[in-house]
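Asker: Here's a structure for you.
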């Protein structure tokens, strides 16, 4: 990169349009720009950074102010705010052996509504480039990264900052990554990562594969859930078996101790009481029978005699009533058959009838010694029926009473086998606990069975869905495999680039260490002060200084001038390692150096700092003597002339002691 010219219009102290030609001649790489303090040297350095980097520029006068406030401050106090200010920078770069010319113009002004407007215009090879204008913030990083610019555009304050080892470490890290190509490798890795991220299927294909991946994930989760449920069920089954065994043991002891009877105690007692009540009822029924005619069964013979007497008395009564009637009948009958029967037959019939009447007459003569009523036979028949019925009932009741007595005895025996609470209370509690644990284990096992069945069913359903999805995925899968190959090889290349970055970093570290050490020894008047300089990448790129005795030197032990020279050596070493391909803009670097060190800088550093060096200095830093030492390397010079009345600066050709001579060399 080579700077051609810069044009300032109403920027800071520069009133009107001020233009500086920055091109150098072969063998004369330095453009010397002189100016007293406050004349605009730092403003010129800020202008170069502002036109290139805009809001990101590390301008000295900005501080923490908002960007628009800083731009407003940069408009010359005598300028019309509506016209504003502008900076134009022209430079060239070589890309793949072809040189391209850039003109970057940044201008800003106030509109009628008092709003600050900023515009950027980028021309390449004389043609306006809209893409570069719109994307300049990114494009300028490919030309001169902002982190790198701080190594080539610096002033005394930057030197002071780099004299602090902690600040130097940050600069070293930034420079090695940005300036020496390590960050380019990393950017390439990031681009490959972006390429990987952009490798995607069409929405339809992606939907298919996403659905399959989702289903595969769901199937994997369902399979795991089924496995977990199976393990849960198996654990629950084992627990159930343990609790079952525990309950069986307790049940066995409980049963041996009369537990079943103890459980049925109320039932057994109720049964015993029921049977006892039956016995009482049966006894009452027997007593009731005994209160009736049933005891007369003990007088069967006597009752038979009474029955016989009653029959005889009835016959006597009947005979007594019918004797007169029979006699009249017999006479009538004999008269009726007198003519029809022979005499002997009539005699025989008469004898029969007479004998029958006599027989009845003897019966009628029976003595009624019992005084039985006339219906005694009926009463005796009713008594027989009652006795027969009561006898059958009594037999049934007696049999029932015997059965009840036997049942009652058995029921009482069962009640007697029931253990008391004190004897079986512990087993009852143990059994209750075992039953509760068994119930919990049973519930857990059933829950495990349910979960397992549900998980297996879901897994089968997902397997079916996944099978159907796989039928439509082949084309998408082929495209996905191709994209995966792109990603795979991109990832492999990224790994290679990572290794390349590490190797490149190690290589550049060695080169920078050697270049910084050589630069320091070149600038120092004390030879042998530092034997070696190393960059510790494990300690955030800290500088490690080694003295001639092999001991580490604390940078704080160096004098202020020596630390400044170390800072300059660091910048110079980095520039040399990068090939001195960028312009250097150096503002007031000699403040704390003694005369010898100043001469070393003038003789050994400035002429070799790069192909193009813009050196900003006061008349005390580059005085007449040092100007003479620089003269062979000067392309041309400028002086910044400040008008204390108008507080404006103009650019004049020449330098002190050569004023009036254009492009003094």
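The values are calculated or read from the model by the stated rules, or taken from the named source; none is laboratory data. Nothing here was measured: the structure is a model prediction, and the numbers come from that model. Methodologically, a virtual Cβ is constructed for each residue, glycine included, from the backbone with ideal geometry; neighbour enumeration extends over all protein chains shown.
Asker: Which condition does residue 197 not pass, out of (1) surrounded by 14 or more Cβ atoms within 10 Å (Cβ to Cβ); (2) at pLDDT below 80, if it passes all the others?
Answerer: So residue 197 meets the others, but not (1).
Asker: Within segment 402-425, track down each residue that is modelled with pLDDT of 80 or more and touching a helix residue (DSSP H, G or I) at 6+ places or on another chain (Cβ under 6 Å).
Answerer: 404, 407
Asker: When you look at residue 39, is it in a loop (DSSP other than H, G, I, E, B), surrounded by 16 or more Cβ atoms within 10 Å (Cβ to Cβ) and free of Cβ contacts under 8 Å to residues at least 60 places away in the same chain, yes or no?
Answerer: no
Asker: Of 102, 70, which residue is outside any loop (DSSP other than H, G, I, E, B), modelled with pLDDT under 95 and surrounded by 12 or more Cβ atoms within 10 Å (Cβ to Cβ)?
Answerer: Among 102, 70, only 70 is outside any loop (DSSP other than H, G, I, E, B), modelled with pLDDT under 95 and surrounded by 12 or more Cβ atoms within 10 Å (Cβ to Cβ).
Asker: Restricting to segment 282-325, give me the number of residues that are in a helix (DSSP H, G or I), surrounded by 14 or more Cβ atoms within 10 Å (Cβ to Cβ) and at pLDDT 75 or above.
Answerer: Selection size over segment 282-325: 4.
Asker: Name the residue that is nearest to the chain's Cα centre (by Cα), counting only residues in segment 108-135 that are under 19 Å from residue 67 (Cβ atoms) and assigned to a helix (DSSP H, G or I).
Answerer: Going through the qualifying residues, I end up with 134.
Asker: Name every residue in segment 615-636 that is surrounded by 17 or more Cβ atoms within 10 Å (Cβ to Cβ) and either more than 20 Å from residue 46 (Cα to Cα) or modelled with pLDDT of 95 or more (or both), in order of residue number.
Answerer: If the condition is that a residue be surrounded by 17 or more Cβ atoms within 10 Å (Cβ to Cβ) and either more than 20 Å from residue 46 (Cα to Cα) or modelled with pLDDT of 95 or more (or both), then 621, 622, 626, 627, 630, 633, 634, 635, 636 are the ones that fit.
Asker: Check segment 578-590 and report whether any residue there is surrounded by fewer than 21 Cβ atoms within 10 Å (Cβ to Cβ) and farther than 30 Å from residue 91 by Cβ.
Answerer: no
Asker: Here is a further query. On the basis of being surrounded by 14 or more Cβ atoms within 10 Å (Cβ to Cβ), modelled with pLDDT of 75 or more, touching a helix residue (DSSP H, G or I) at 6+ places or on another chain (Cβ under 7 Å) and at negative phi, does residue 140 make the cut?
Answerer: In short, yes.
Asker: Looking at 153, 91, which one is at pLDDT 95 or above and either on the phi < 0 side of the Ramachandran plot or buried (at least 18 other Cβ atoms within 10 Å of the Cβ) (or both)?
Answerer: 91
Asker: Same structure, new question: When the residues of segment 52-67 are filtered to those that are in a loop (DSSP other than H, G, I, E, B) and touching a helix residue (DSSP H, G or I) at 6+ places or on another chain (Cβ under 6 Å), which remaining residue is farthest from residue 119 (Cα to Cα)?
Answerer: The extreme case among them is 60.
Asker: Right, here's the next one. Starting from segment 509-533, take each residue that is at pLDDT 85 or above and list its partners that are part of a loop (DSSP other than H, G, I, E, B), counting only C-beta distances under 6 angstrom and pairs at least six apart or across chains.
Answerer: Hits for this filter: 531/548.
Asker: Which residues, counting only those in segment 392-408, are over 16 Å from residue 284 (Cα atoms) and exposed (fewer than 14 other Cβ atoms within 10 Å of the Cβ)?
Answerer: The answer is 392, 406.
Asker: Looking only at segment 530-551, filter to residues that are farther than 16 Å from residue 568 by Cα and in a loop (DSSP other than H, G, I, E, B); which one of those is nearest to the chain's Cα centre (by Cα)?
Answerer: 540
Asker: Filter segment 536-559 down to the residues that are surrounded by 15 or more Cβ atoms within 10 Å (Cβ to Cβ) and at pLDDT below 85 and list them by number.
Answerer: 537, 541, 542, 543, 555, 558
Asker: What pairs can you find where one residue is in segment 49-69 and at positive phi, the other is part of a loop (DSSP other than H, G, I, E, B), and their Cβ atoms are less than 9 Å apart, with a gap of 6+ or different chains?
Answerer: none
Asker: Right, something else. Please pick out the residue among 345, 382 that is at pLDDT 75 or above and either surrounded by 15 or more Cβ atoms within 10 Å (Cβ to Cβ) or in contact with a helix residue (DSSP H, G or I) (Cβ under 9 Å, 6 or more places away or on another chain) (or both).
Answerer: Residue meeting the stated conditions: 345.
Asker: Just for segment 600-614: of the residues that are part of a helix (DSSP H, G or I) and in contact (Cβ under 8 Å) with a residue 60 or more places away in the chain, which one is surrounded by the fewest Cβ atoms within 10 Å (Cβ to Cβ)?
Answerer: 604
Asker: Now, a different point. Suppose the filter is crowded, with 20+ Cβ neighbours inside 10 Å, in contact with a helix residue (DSSP H, G or I) (Cβ under 6 Å, 6 or more places away or on another chain), touching a residue at least 24 places away in the same chain (Cβ under 8 Å) and not in a strand (DSSP E or B); does residue 44 pass it?
Answerer: No: the conditions fail for residue 44.
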